[in-house]
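Undergrad: First the structure, which I've put down as structure tokens, then a few questions once you've had a look.
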Amino acid sequence: MPVFRVALVCLGNICRSPIADVVVNAELRAAGLSDRVEVTSCGTGTWHVGERMDSRAADVLSAAGYDPSRHRARHFGADWHDHDLILVMDRANLADVLAELPADRHDRVRMFRSYDPDVTAGDPAEVPDVPDPFYGGPEGFDDVLAIVERTARRLVQELALVR
């Protein structure tokens, strides 16, 4: 059976998308889908390529029982174009990804929070961003983890139907 490939994209690939990567993969394992769905993360910027995730992101994941140790930042480029679903963390990431992708692949791109059960926006343009916690304190990372956990559960439910 072919693997369904999901890319999670933020700016530097050291905060939001790595948190989502770790959490979504944990949910996939719990649902028994990790052999059918591959989830990876990257950033639209290049300045953190090869680095570990932000220590505050790693700390919030560790405190919640996740293992953040395997992450290394990667860059969104042509080798990411063949993913079946590309989930972006904010509107700037959305614009960057759409500018990079061929037009015939734009339908594969969605806002990550379009799967958030707490979001009731009917119009895709109204789907909120995952806030970037980089310039704030630890509470911002807690908020991102809460958003990601509830969104990941819904995303994995949807992926179970697709696959």
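Undergrad: Looking for whichever is surrounded by fewer than 17 Cβ atoms within 10 Å (Cβ to Cβ) and at pLDDT 95 or above here; the options are 129, 104, 123. Which one fits?
TA: The match here is 104.
Undergrad: Which is farther than 18 Å from residue 155 by Cβ and not aliphatic (A, V, I, L, M), of 62, 34, 41?
TA: One residue alone meets the criteria, 62.
Undergrad: Right, next: Residues in the stretch 150-163: is at least one modelled with pLDDT of 95 or more, of a type in the set (S, T, N, Q) and under 13 Å from the mean Cα position of the chain (by Cα)?
TA: Yes, because at least one residue in the stretch 150-163 is modelled with pLDDT of 95 or more, of a type in the set (S, T, N, Q) and under 13 Å from the mean Cα position of the chain (by Cα).
Undergrad: Output the qualifying pairs, or none if there are none: Cβ atoms under 8 angstrom, residues six or more apart or on different chains, first residue in the stretch 37-54 and at positive phi, second residue in a loop (DSSP other than H, G, I, E, B) and of a type in the set (Lys, Arg).
TA: These pairs meet every condition: 50/72.
Undergrad: With respect to residue 146, determine if the residue is small (Gly, Ala, Ser), over 14 Å from the mean Cα position of the chain (by Cα) and not in a loop (DSSP other than H, G, I, E, B).
TA: No, not satisfied.
The values are calculated or read from the model by the stated rules, or taken from the named source; none is laboratory data. A quick note: this is a predicted structure, and the numbers were derived from the prediction, not measured. In this analysis, Cβ positions are derived from the backbone assuming ideal geometry, glycine residues included, and neighbour counts consider all displayed protein chains.
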